[in-house]
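Participant: Would you mind keeping the following structure in view while I ask a few things?
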Amino acid sequence: MGTVITTVDFGNHVACDFCSEEHSADKTALGGLLLDTYALCPKCVAGAGNELKPSQIKARAADMETFHAFVIRIRAGNNTMTITSK
Ligand SMILES: [Zn+2]
């Protein structure tokens, strides 16, 4: 890994890695999953249907867990993105 240029802290902000829809803490959309390193919102999961390979699914939202709560949980307090040089 290269030199760290900057780290962006998203705080409590969550967005789907596929459609970029924002999910604030008060949004009630339930579900979602982690596909490799990408967080998919419930809408994208429904739209993907059978195209999702079980081997790529690394985590799923619990029953009655919102997409926002799920993403914050799996990031375990590290809701950041680090940009590095080559
Ligand atoms: Zn989405």
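Participant: Restricting to region 6-34, and then to whatever is part of a strand (DSSP E or B) and in contact with a Leu (Cβ under 9 Å, 6 or more places away or on another chain), can you tell me which residue is surrounded by the most Cβ atoms within 10 Å (Cβ to Cβ)?
Facilitator: As a first pass, look at region 6-34 and keep what is part of a strand (DSSP E or B): 6-9, 15, 22, 30, 33-34.
This time we only want the ones that are in contact with a Leu (Cβ under 9 Å, 6 or more places away or on another chain), so: 33-34.
Values: Leu33: 22, Leu34: 19.
That would be Leu33.
Participant: Moving on. Among the candidates Val45, Val4, Val8, Val71, single out the residue that is within 12 Å of the ligand (Cβ to nearest atom) and touching a residue at least 24 places away in the same chain (Cβ under 8 Å).
Facilitator: The unique qualifying residue is Val71.
Participant: Within region 11-38, count every residue that is without any contact (Cβ under 8 Å) to a residue 40 or more places away in the chain and either out of contact with any Asp or Glu (no Cβ under 6 Å at 6 or more places or on another chain) or away from the ligand (no atom under 11 Å from the Cβ) (or both).
Facilitator: 16
Participant: In addition: Here are some residues: Lys43, Lys27, Lys53, Lys58. Which one is basic (Lys, Arg) and under 13 Å from Ile74 (Cα atoms)?
Facilitator: Only one candidate qualifies: Lys58.
Participant: Any residue in region 75-86 that is surrounded by 11 or more Cβ atoms within 10 Å (Cβ to Cβ) sitting within a Cβ distance under 9 Å of a residue that is small (Gly, Ala, Ser) and outside any strand (DSSP E or B)? List the pairs, counting only those 6 or more apart or interchain.
Facilitator: Taking only residues 6 or more apart or on different chains, the pairs are Asn79/Gly11; Thr84/Gly2.
Participant: Can you report the number of residues in region 35-46 which are touching a strand residue (DSSP E or B) at 6+ places or on another chain (Cβ under 9 Å) and surrounded by fewer than 16 Cβ atoms within 10 Å (Cβ to Cβ)?
Facilitator: Here the count works out to 2.
Just so you know, all these numbers are worked out from the coordinates, no wet-lab data involved. This structure is a prediction, so every number in the text was calculated from the model and none was measured. Glycine also receives a Cβ, built like all others from the backbone with ideal geometry; neighbour counts cover every protein chain displayed.
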